[in-house]
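All remarks here apply to the structure that follows.
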């Protein structure tokens, strides 16, 4: 009897091992099937972000020239010791040339990579908005490391100076209006968006990106403005997006926001607008809780809604932007519907692309709840409301 019991236990252990092996093989097969639906390269020969790809940091913070489109995007809300408030934006874009261009590039002053960088500052108390832009081929005046986060475009820079603490130094000036020097450090874990590690932007399997975000960074630094140097503190948001196709052919633009709530949570939401005026099914809202965990909601009756409340017409371009919006969403903490209204702190926050040809509105906003109480801050981006949106994103 004892011998039979030992044999039975051994048999059970063997069956468990076989079952676990089966599950492992089955999971690998399913994973490979999911990956096989996504081509490795676009028709132009650029890499496509792959599902379930393990990203390696700090290398992933650097440049990826095998992908067609990439940007590092930083916005934040700052306050001086004297109470003066500012909003800021710094965005480094990298666009790859064709593979023919890449093969013929000059090693000292290449043409394969184009860098377009924009910086903006909102002086909230004065009600003023300043911005500047640069565009250059890769070379002496524009650089992005492939090994670490180290970007330079003329006098503007963004560099991760401490990989253990993930501290980032940023410096920029806006002509003779202001000079800003900032150091920022994440207070929450890095978030990689997308259930499979990629963020979908359309039905085409190549319309996806690696979408990497620090949703809350503590900021310190200084600004020289109006012949005065002010010490600053505040919070920022940083996105790094890597792709080879951002927009499907049926999309004309997007409304996007990064919300930092006073309760320690954040919301990223974007409405992808189709050419017929309806939202794409790939529009999405993501709650990020205090620990950095994400909850995804799709656009629609059971997900979230996005309503345009009021508009601002640019005196420069004549473009009309919906600069006040209301987002209705289910709060994953309570299960109750929330109504969040984003309204611009300064109306005129349009960036007119004199060099890159793209106009869009991007500005600092207050966030209020159903009763009108101020509950957070946000940046709102409105792109494609004229005909200037770059074809390079497709």
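Key figures
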quantity: For residue 154: the one exception among (1) at positive phi; (2) in contact (Cβ under 8 Å) with a residue 40 or more places away in the chain; (3) surrounded by fewer than 18 Cβ atoms within 10 Å (Cβ to Cβ); calculated: (2)
quantity: Residue check, residue 334 surrounded by fewer than 16 Cβ atoms within 10 Å (Cβ to Cβ) and either closer than 21 Å to residue 285 by Cβ or at pLDDT 95 or above (or both); calculated: yes
quantity: Failed item in (1) over 23 Å from residue 264 (Cα atoms); (2) without any contact (Cβ under 8 Å) to a residue 24 or more places away in the chain, with residue 222 passing the rest; calculated: (2)
quantity: Test: residue 247 is part of a loop (DSSP other than H, G, I, E, B) and touching a helix residue (DSSP H, G or I) at 6+ places or on another chain (Cβ under 6 Å); calculated: yes
quantity: Single residue of 218, 142 found to be out of contact with any helix residue (DSSP H, G or I) (no Cβ under 7 Å at 6 or more places or on another chain), buried (at least 18 other Cβ atoms within 10 Å of the Cβ) and at pLDDT 95 or above; calculated: 142
quantity: Matching option when the condition is in a strand (DSSP E or B) and in contact (Cβ under 8 Å) with a residue 24 or more places away in the chain, among 213, 206; calculated: 213
quantity: Residue 309 vs. criteria within 27 Å of residue 275 (Cβ to Cβ) and surrounded by fewer than 18 Cβ atoms within 10 Å (Cβ to Cβ); calculated: yes
quantity: Criterion (free of Cβ contacts under 8 Å to residues at least 60 places away in the same chain, crowded, with 21+ Cβ neighbours inside 10 Å and either in contact with a strand residue (DSSP E or B) (Cβ under 9 Å, 6 or more places away or on another chain) or on the phi < 0 side of the Ramachandran plot (or both)) met by exactly one of 247, 285; calculated: 285
quantity: Condition check for residue 109: touching a strand residue (DSSP E or B) at 6+ places or on another chain (Cβ under 7 Å) and at pLDDT 95 or above; calculated: no
quantity: Residue list for region 68-82, restricted to those being closer than 20 Å to residue 206 by Cα and either out of contact with any strand residue (DSSP E or B) (no Cβ under 6 Å at 6 or more places or on another chain) or buried (at least 23 other Cβ atoms within 10 Å of the Cβ) (or both); calculated: 68, 70
quantity: Test: residue in region 168-184 that is in a loop (DSSP other than H, G, I, E, B), more than 13 Å from the chain's Cα centre (by Cα), crowded, with 17+ Cβ neighbours inside 10 Å and modelled with pLDDT of 95 or more; calculated: no
quantity: Hey, residue 387 more than 28 Å from residue 235 (Cβ to Cβ) and either touching a strand residue (DSSP E or B) at 6+ places or on another chain (Cβ under 8 Å) or crowded, with 17+ Cβ neighbours inside 10 Å (or both) or not; calculated: no
quantity: Residue list for region 291-308, restricted to those being in a loop (DSSP other than H, G, I, E, B) and either touching a strand residue (DSSP E or B) at 6+ places or on another chain (Cβ under 6 Å) or touching a residue at least 60 places away in the same chain (Cβ under 8 Å) (or both); calculated: 291, 292, 303
quantity: Evaluation of residue 264 against (1) in a strand (DSSP E or B); (2) surrounded by fewer than 17 Cβ atoms within 10 Å (Cβ to Cβ); (3) without any contact (Cβ under 8 Å) to a residue 60 or more places away in the chain (one fails), failing number; calculated: (1)
quantity: Residues satisfying the stated conditions in region 309-331, i.e. assigned to a loop (DSSP other than H, G, I, E, B), without any contact (Cβ under 8 Å) to a residue 40 or more places away in the chain and under 17 Å from residue 259 (Cα atoms); calculated: none
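The values are calculated or read from the model by the stated rules, or taken from the named source; none is laboratory data. Source: prediction; values computed, not measured. Using ideal geometry, Cβ is built from the backbone for each residue, glycine included, and neighbour counts are taken over all protein chains shown.
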